[in-house]
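> For reference, the structure I am asking about is given below.
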Amino acid sequence: MSTTWILVSNASAGKLFRNTGPNKGLELVREFSHPESREKNGDLVSDRPGRNPGAGNGHGSFVPATLPKEHEADVFANELARELDAGRVSNQYSRLVMVAPPAFMGQLNQHLNHAVKGLVSDSLEKDYTRATDKELSQHLASCVCV
C-alpha cells in the first residue's frame, strides 16, 4: 500500500498528515509553526533603514529588496521543503498532496527540488490550516481516499 503525505500550510503554520490507504483517515505526522511570519514588518527589523546618498539634491534611503515578512515566509517555505525532501529520501511517502494559499504555494514550489516535485499529485491553493480533521477530509476527498 502506498503512503501519501498531505502538507497543509500557510506562511506561519503547517501540518503534515499521512494517509496509508482508502478509509484509513488522516494521521498527523508533524506540526510546524513559524510565528515570525505573523509579525508586522516593523517588528521584524531591529532598527530604521540605513541611509544612502541619493543621486541629485534629494535624500537617499535604503529599501530592502524584500520585506522582512516576505523573507520570513520564504524561510518557512524552505524549512517545509527540507522536511518533504527528508521524507522522500527515507521513503516515508510515495505521493504528495500540497495545500496552501496561492502566494505561499509559489514560495513552496520555489524551494522544492525536482525529485519532490515529481511526487506531487495534487495542489490545492486554499488555506485549510484552521480546518478540523473532518472538514479537511471533506476538502481532500477528490484527491485522497480518506
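No value in this document is a laboratory result; all are computed from the given coordinates. Fair warning: this is a prediction, and the values are worked out from it, not measured in the lab. No Cβ is skipped: glycine too gets one built from the backbone with ideal geometry, and neighbour counts run over all protein chains shown.
> Could you check the spin-label model distance between residue 67 and residue 2? Points 7 Å from the Cα along Cα→Cβ, value in nm.
It works out to 3.9 nm between the two label points.
> Among the lysines, select those whose C-alpha is under 27 Å from the C-alpha of residue 69, and discard any that sit fewer than 8 residues away in the same chain.
15, 40, 117, 126
> Give me the net charge for the shell around residue 25: Cβ to Cβ below 11 angstrom, other residues only, Lys and Arg +1, Asp and Glu -1. It would help to have the intermediate numbers written out before the result.
Values: positive: 18, 24, 134; negative: 27, 133.
Neighbourhood net charge equals +1.
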